[in-house]
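Chemist: Below are the structure tokens for one structure; questions will follow.
Coordinate-derived values only; no laboratory data. A quick note: this is a predicted structure, and the numbers were derived from the prediction, not measured. We place every Cβ from the backbone using ideal geometry, glycine too, and count neighbours over all the protein chains shown.
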Amino acid sequence: MSRSEEIAAIAARLVVEEGMEYAAAKRKAVKSTGESGRRIELPSNEEVEDAVREHITLFCADTQPGELQALREVAALWMQRLAEFRPHLSGAAWRGTATRWSAVHLDLYCDDPKAVEIMLINAGVNYDAGALARPGRGGGEPLNVLTLASPSQALGEPVTVHLLLHDRDDQRGALKPDTRGRSWRGDLAALQRLMETPA
């Protein structure tokens, strides 16, 4: 096993068992090997995702499909509630690698990000506001993120939902595929097709 593959395997375990995001999992995996991130080539997100799928197959095959379905049900509910903001599901719940520890990531495309907050306030939904660096836009304006907890009867515990507030124009490039031709996100209709397809 190459060093990159070893890091991918360690990162995959952190993603599946602790719900870590890929970038943070890769950093922690590097530290656990005692290597400096500058001296080694990190695995790509696609390589980590392959390792995540392998880890799920080996250790979570009996529980993960039901947990994924539960997270997708939460996502579909919020996509319906937030339909005016053109929601797209991304992350592990979209890609099929989510477990009960994963958060649901919804990309919203709107002219006025404050409109999402107003909608949540009017609906009596508690949320936290934060920000993330925009991928591929070093030094640019951060991406506003609203985080809320949504109950899941199937899981018996709340699911963390991150609402990522994009400019409306960003939707044009939102459906670009990864290097293997798979989409990074999908709208409600695409999610419903996934949910109706046998695993």
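Chemist: Please report, in debye to the nearest 20, how large the charge dipole of the range 46-143 is about its Cα centre when each Lys and Arg carries +1 at its beta carbon and each Asp and Glu carries -1 there.
Modeler: Computed charge dipole of the range 46-143: roughly 180 debye.
Chemist: Determine the percent antiparallel among the DSSP beta bridges restricted to the chain, to the nearest 5.
Modeler: DSSP beta bridges in the chain are roughly 75 percent antiparallel.
Chemist: Follow-up. Taking 8 Å as the Cα distance limit and 6 or more residues as the minimum spacing, I'd like the relative contact order of the range 3-59 as a percentage.
Modeler: 48
Chemist: Moving to a separate point now. At 222 nm, what value in deg cm²/dmol follows for the chain if DSSP H runs of at least 4 each add -39500 (n - 2.57) and the sum is divided by all its residues, to the nearest 500?
Modeler: The helix contribution divided over the chain gives -13000 deg cm²/dmol.
Chemist: Follow-up question, since we're still on this one. I need the phi-derived Karplus couplings for the range 179-195: 6.51 cos²θ - 1.76 cosθ + 1.60, θ = phi - 60°, integer Hz, Gly and Pro marked x.
Modeler: Taking θ as phi minus 60°, the curve returns 5, 9, x, 9, 6, 8, 7, x, 7, 4, 4, 5, 5, 4, 5, 4, 5 Hz for the range 179-195.
Chemist: If the viscosity is 0.890 mPa s and the temperature 25 °C, what translational diffusion coefficient in µm²/s does Stokes-Einstein give for the range 69-137 when Rh comes from Kirkwood over Cα pairs?
Modeler: Translational diffusion coefficient: 185 µm²/s.
Chemist: Please compute the Cα-Cα pair-distance distribution of the chain with 10 Å bins starting at 0, giving whole percents from short to long.
Modeler: Final binned percentages: 8, 33, 37, 19, 3, 0.
Chemist: Pairing the Cα long axis of helix 3-18 with the longest principal axis of the chain, what angle in degrees results, from 0 to 90 and rounded to the nearest 10?
Modeler: The answer is roughly 40 degrees.
Chemist: A further question on this structure: Kindly express, to the nearest 10 degrees and within the range 0 to 90, the angle between helix 22-33's C-alpha long axis and the longest C-alpha principal axis of the chain.
Modeler: The helix 22-33 is inclined about 20 degrees to the chain.
Chemist: Could you derive backbone 3J(HN,Hα) for the range 158-167 from the dihedral phi with the Karplus parameters 6.51, -1.76 and 1.60 (θ = phi - 60°), listing whole Hz in sequence and x where the residue is Gly or Pro?
Modeler: Running phi through 6.51 cos²θ - 1.76 cosθ + 1.60 with θ = phi - 60° gives x, 10, 7, 10, 9, 9, 9, 9, 9, 5 Hz.
Chemist: Right, something else. Compute the semi-axes of the equivalent ellipsoid of the range 3-59, taking the square root of 5 times each eigenvalue of the Cα gyration tensor, and list them largest first in whole Å.
Modeler: 18, 11, 9
Chemist: Take peptides 21-30, 1-10 and line them up by average Cβ neighbours within 10 Å, highest first, as a rough protection proxy.
Modeler: Those peptides, ordered most packed to least, come out 21-30, 1-10.
Chemist: While we're on this one: With an 8 Å cut-off on Cα pairs and a minimum separation of 6 or more residues, tell me the relative contact order of the chain in percent.
Modeler: 20
Chemist: While we're on this one: Residue by residue through the range 47-62, which ³J(HN,Hα) values in whole Hz follow from phi under the Karplus form 6.51 cos²θ - 1.76 cosθ + 1.60 (θ = phi - 60°), with glycine and proline marked x?
Modeler: 5, 5, 4, 4, 5, 4, 4, 5, 4, 4, 4, 6, 10, 9, 4, 7
Chemist: If you don't mind, another one. Taking H as built 1.01 Å from N, whose amide H comes closer than 5 Å to the amide H of V159, not counting residues under 5 places away?
Modeler: Excluding prolines and chain starts, which carry no amide H, the hits are S150, S152.
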